[in-house]
Amino acid sequence: MKLLLGVTGGIAAYKACDLTSLAIKAGHQVRVVMTRRATQFVGPLSFAGLCGHPVLTDASEHPMDHIEHAKWADVACVAPLTANTLGKLACGLCDDVLTTTLMALPAGRITVLGPAMNTEMWRHPVVQRNLQWLDALGRSLVVPPSTKRLACGDIGPGGLAEPADLLAACEAVFSKG
Ligand SMILES: Cc1cc2nc3c(=O)[nH]c(=O)nc-3n(C[C@H](O)[C@H](O)[C@H](O)COP(=O)(O)O)c2cc1C
C-alpha cells in the first residue's frame, strides 16, 4: 500500500512517527505531508528518516509535488487531524500544502481521519458537524479518538486513536479497493 500520511499541528503529532514506523515495518510505502504548525511539534527529518522519502511541507520547492503525491497515494490518512484542518477540509479550503494535496486526490481515494483535540473542542457542534459533513461526502473514514486523560489535563474523548488501529483502518480501506 502507498500511504500518504498528513500530519497536523496537534500535541499527538509525535504518534504519527509510530504510525509511519508501523506502516514501513508492515511493508507499506509511506510519504508524509506536514502543515507548518505540525513542523513545530515534530521535525520533518524524523519522518524523512522513518519513511526514506523527503517530507512535503509548505517550504518544499517543487511546485507540482502536491499533485504528484496525490496521484501516488493508494490511501491517505491524516493523523493527528486538528480541529483547524478538519474545518478546512469540510469547507474545501486549500491554503496549505496538506489541504491542497488532499483536495487533489483522485476520485475514489478514501482518506482515513484521526481527529485529536481537547475534549471541549471535540464536543463542539462545529467539529461534530464538520465530521458528519465529510462522512456524508463518502470520501473519508473517521477513526474516533480515544477517551483518556489528555495532555491538557482534561479527562474525556479527544486522544488520538492508537497507531495500530489507524494503520488497520488504512489497510481495510486499501483492501476494499
Ligand atoms: C501545545 C499545543 C497543542 C495543541 N494541540 C492541539 C490538538 O491536539 N488538537 C487541535 O485541534 N489543536 C491543537 N492545537 C492548536 C493547533 O496547533 C492550531 O489550531 C493550529 O492552527 C493548527 O494548525 P494546522 O491544522 O494547520 O496544523 C494545539 C496548540 C498548542 C500550542
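The values are calculated or read from the model by the stated rules, or taken from the named source; none is laboratory data. Computed from a predicted model, the values in this text were never measured in an experiment. Heads up, the Cβs are rebuilt from the backbone with ideal geometry, glycines too, and the neighbour counts pull from every protein chain shown.
Hey, among LEU5, LEU19, which residue is crowded, with 24+ Cβ neighbours inside 10 Å, hydrophobic (A, V, I, L, M, F, W, C) and away from the ligand (no atom under 14 Å from the Cβ)? Only one candidate qualifies: LEU19.
Residues that are part of a helix (DSSP H, G or I) and among the aliphatic types (A, V, I, L, M) were ranked within the stretch 66-86; the one that is farthest from the ligand (Cβ to nearest atom) is ILE67. Taking the stretch 149-177 as the region of interest, how many residues are at positive phi and either under 13 Å from the mean Cα position of the chain (by Cα) or within 14 Å of the ligand (Cβ to nearest atom) (or both)? The number of residues fulfilling the criteria is 3. The selection criterion, being at pLDDT below 95 and on the phi > 0 side of the Ramachandran plot, does not hold for GLY92.
Among residues of the stretch 85-111 that are over 16 Å from LYS71 (Cβ atoms), those with a beta-carbon under 6 Å from a residue that is among the aromatic types (Phe, Trp, Tyr) and surrounded by fewer than 20 Cβ atoms within 10 Å (Cβ to Cβ) at least six positions away or on a different chain give the pairs ALA90/TRP133.
Of all residues in the stretch 23-36, one or more are within 23 Å of PRO115 (Cα to Cα), within 16 Å of the ligand (Cβ to nearest atom), surrounded by fewer than 17 Cβ atoms within 10 Å (Cβ to Cβ) and modelled with pLDDT of 95 or more. With respect to the stated conditions, LEU89 is within 11 Å of the ligand (Cβ to nearest atom) and either of a type in the set (Phe, Trp, Tyr) or farther than 20 Å from GLN40 by Cα (or both). Look at ALA136 and say whether it is exposed (fewer than 12 other Cβ atoms within 10 Å of the Cβ) and in a helix (DSSP H, G or I). When the stated conditions are applied, ALA136 passes them.
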